[in-house]
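Shown next, in structure tokens, is the structure this report addresses.
The values are calculated or read from the model by the stated rules, or taken from the named source; none is laboratory data. Computed from a prediction, not measured in an experiment: that's the story for all the values here. Heads up, the Cβs are rebuilt from the backbone with ideal geometry, glycines too, and the neighbour counts pull from every protein chain shown.
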Amino acid sequence: MGRLDGKVAIITGGASGIGAGTAQRFVEEGAKVLITDLDADKGVALAAELGDAAAFLQTDVSQEDQVAAMIAEATDRWGRLDCLYNNAGFGGALGPISATTLDDYDLTMDVLLKSVFLGMKHAAPVMTAQGSGSIISTASVAGIRVGFAPHLYSVAKCAVIHLTKTVALELGEHNIRVNAICPGFIATPLAAGRPDADESQIQQLRESGAASQVMGRVGEPRDIANMALFLASDDSEWITGREFVVDGGFEAGPPWSRWPRFARMERPIRHHRPPGR
Ligand SMILES: NC(=O)c1ccc[n+]([C@@H]2O[C@H](COP(=O)([O-])OP(=O)(O)OC[C@H]3O[C@@H](n4cnc5c(N)ncnc54)[C@H](O)[C@@H]3O)[C@@H](O)[C@H]2O)c1
């Protein structure tokens with residue numbers, strides 16, 4: 001028996017990286033999944049690979065009419081909506097604050113934050129009528145602590161966490177859970193800095209990134225998919241209004257091996273012990 005048997009999910013940004021890994025995981029666990037993305041080539045191919053349990057709809061999550069159509073597609077096709085995973089994203093504006101244009105600002109916030117607001121707005125009535133649902137959004141460790149990502153990306157992800165909490169307070173009485181996932185460094189095209197990154201470029205990323213990781217490897221889409229699976233399943237039925245860090249320890253600090261001063265301290269420290277102990 002699958003952990004998502006009988007459930008219907010939408011995954012935005014589902015054609016690549018974390019979204020694609022989650023679509024695959026959800027289908028393995030018995031869900032019907034509507035994959036949505038700007039990238040139709042990858043989305044259609046993935047839906048075909050996953051079979052009858054998956055379908056694809058090209059959607060720009062920053063456009064309200066397209067988000068509304070995405071929710072309607074899932075309910076028209078499968079009659080309900082148990083999980084909306086707001087996951088689509090990109091790196092957003094780069095560079096110094098003085099060089100960031102208003103257009104850069106608008107696009108970054110539209111794709112990373114307005115999209116999540118729109119998803120919640122249009123999923124809420126369907127889930128309220130149903131009396132159940134789980135809304136998940138991909139934030140980031142960059143939304144918890146600064147210094148991991150550019151200004152606007154960090155701010156947008158921080159706002160996703162806050163929006164998650166405030167909407168959770170509203171929708172809880174309808175048995176709708178609202179949670180966010182904060183990934184660390186995950187081997188995807190986004191982390192490689194190019195949406196068209198191929199497998200060899202992602203592999204280079206794994207190799208160059210491993211040393212900075214507490215667990216000795218960077219994350220994989222499946223690491224995030226497993227948390228999304230938990231949050232979409234009934235196993236998390238009393239969990240709402242939280243951000244879940246899935247980062248292999250990254251946000252806690254650098255690996256011990258990167259602190260040579262501490263790592264060299266092999267001598268046991270005896271002189272603070274009281275006499276006789
Ligand atoms: N990879 C990481 O290290 C990392 C870390 C923390 C958070 N995240 C977040 O995880 C999420 C998924 O990213 P990923 O790493 O899997 O990257 P990815 O590039 O592999 O996937 C992102 C997908 O989102 C789609 N997308 C972008 N703009 C869109 C739009 N306007 N409408 C619909 N689809 C759109 C892209 O086409 C792409 O398929 C993002 O929200 C990202 O910010 C990633």
Task: Members of the range 31-45 found to be near the ligand (Cβ under 10 Å from one of its atoms) and either of a type in the set (Gly, Ala, Ser) or crowded, with 22+ Cβ neighbours inside 10 Å (or both), listed by number - done: ILE35, THR36, ASP37, ALA40, GLY43
Open item on the list: Can you tell me which condition VAL178 does not meet? The list is (1) assigned to a helix (DSSP H, G or I); (2) away from the ligand (no atom under 15 Å from the Cβ), and all the others hold.
Closed with: (1)
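Can you say whether MET120 is within 24 Å of GLU251 (Cβ to Cβ) and either in a helix (DSSP H, G or I) or modelled with pLDDT of 95 or more (or both), as far as the supplied structure shows? Show your work before the answer.
Details: within 24 Å of GLU251 (Cβ to Cβ): no; either in a helix (DSSP H, G or I) or modelled with pLDDT of 95 or more (or both): yes.
No: the conditions fail for MET120.
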Task: Check on MET109, more than 18 Å from the chain's Cα centre (by Cα) and at pLDDT 95 or above - done: no
Open item on the list: I'd like the residue in the range 8-24 that is more than 12 Å from the ligand (Cβ to nearest atom) and surrounded by fewer than 24 Cβ atoms within 10 Å (Cβ to Cβ) and, out of all such residues, is farthest from the chain's Cα centre (by Cα).
Closed with: VAL8
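State yes or no: is ARG206 without any contact (Cβ under 8 Å) to a residue 24 or more places away in the chain and more than 27 Å from ASP5 (Cα to Cα)? Reasoning before the result, please.
Working: without any contact (Cβ under 8 Å) to a residue 24 or more places away in the chain: yes; more than 27 Å from ASP5 (Cα to Cα): yes.
When the stated conditions are applied, ARG206 passes them.
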Open item on the list: Suppose we keep only residues that are away from the ligand (no atom under 12 Å from the Cβ) and of a type in the set (A, V, I, L, M, F, W, C) within the range 135-148. Which one would you say is farthest from the chain's Cα centre (by Cα)?
Closed with: VAL146
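Yes or no: LEU57 more than 8 Å from the ligand (Cβ to nearest atom), crowded, with 20+ Cβ neighbours inside 10 Å, more than 13 Å from THR12 (Cα to Cα) and not acidic (Asp, Glu)? Working first, answer last.
Working: more than 8 Å from the ligand (Cβ to nearest atom): yes; crowded, with 20+ Cβ neighbours inside 10 Å: yes; more than 13 Å from THR12 (Cα to Cα): no; not acidic (Asp, Glu): yes.
Considered against the rule, which asks whether it is more than 8 Å from the ligand (Cβ to nearest atom), crowded, with 20+ Cβ neighbours inside 10 Å, more than 13 Å from THR12 (Cα to Cα) and not acidic (Asp, Glu), LEU57 comes out as no.
On the basis of being within 16 Å of the ligand (Cβ to nearest atom) and not acidic (Asp, Glu), does LEU163 make the cut?
Numbers: within 16 Å of the ligand (Cβ to nearest atom): yes; not acidic (Asp, Glu): yes.
Taking the combined requirement at face value, the residue satisfies it.
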TODO: Check off (1) over 23 Å from GLY14 (Cα atoms); (2) within 12 Å of the ligand (Cβ to nearest atom) for ILE97 and give me the number that stays unchecked.
DONE: (2)
Task: Among (1) assigned to a loop (DSSP other than H, G, I, E, B); (2) under 30 Å from GLY6 (Cβ atoms) - the single one THR164 does not satisfy - done: (1)
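Quick check: is even one residue across the range 117-134 within 11 Å of the ligand (Cβ to nearest atom) and aromatic (Phe, Trp, Tyr)? Full working, then the answer.
Within the range 117-134, the first condition is being within 11 Å of the ligand (Cβ to nearest atom), and the residues that meet it are 118-119.
When the remaining residues are screened for being aromatic (Phe, Trp, Tyr), the result is none.
Scanning the range 117-134 turns up no residue that is within 11 Å of the ligand (Cβ to nearest atom) and aromatic (Phe, Trp, Tyr).
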Open item on the list: I need every pair where a residue in the range 19-38 that is without any contact (Cβ under 8 Å) to a residue 60 or more places away in the chain has its Cβ under 7 Å from the Cβ of a residue that is basic (Lys, Arg) and within 16 Å of the ligand (Cβ to nearest atom), sequence separation at least 6 or different chains.
Closed with: none
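From the list PHE230, PHE262, PHE244, which one is without any contact (Cβ under 8 Å) to a residue 12 or more places away in the chain and under 16 Å from the mean Cα position of the chain (by Cα)?
PHE230
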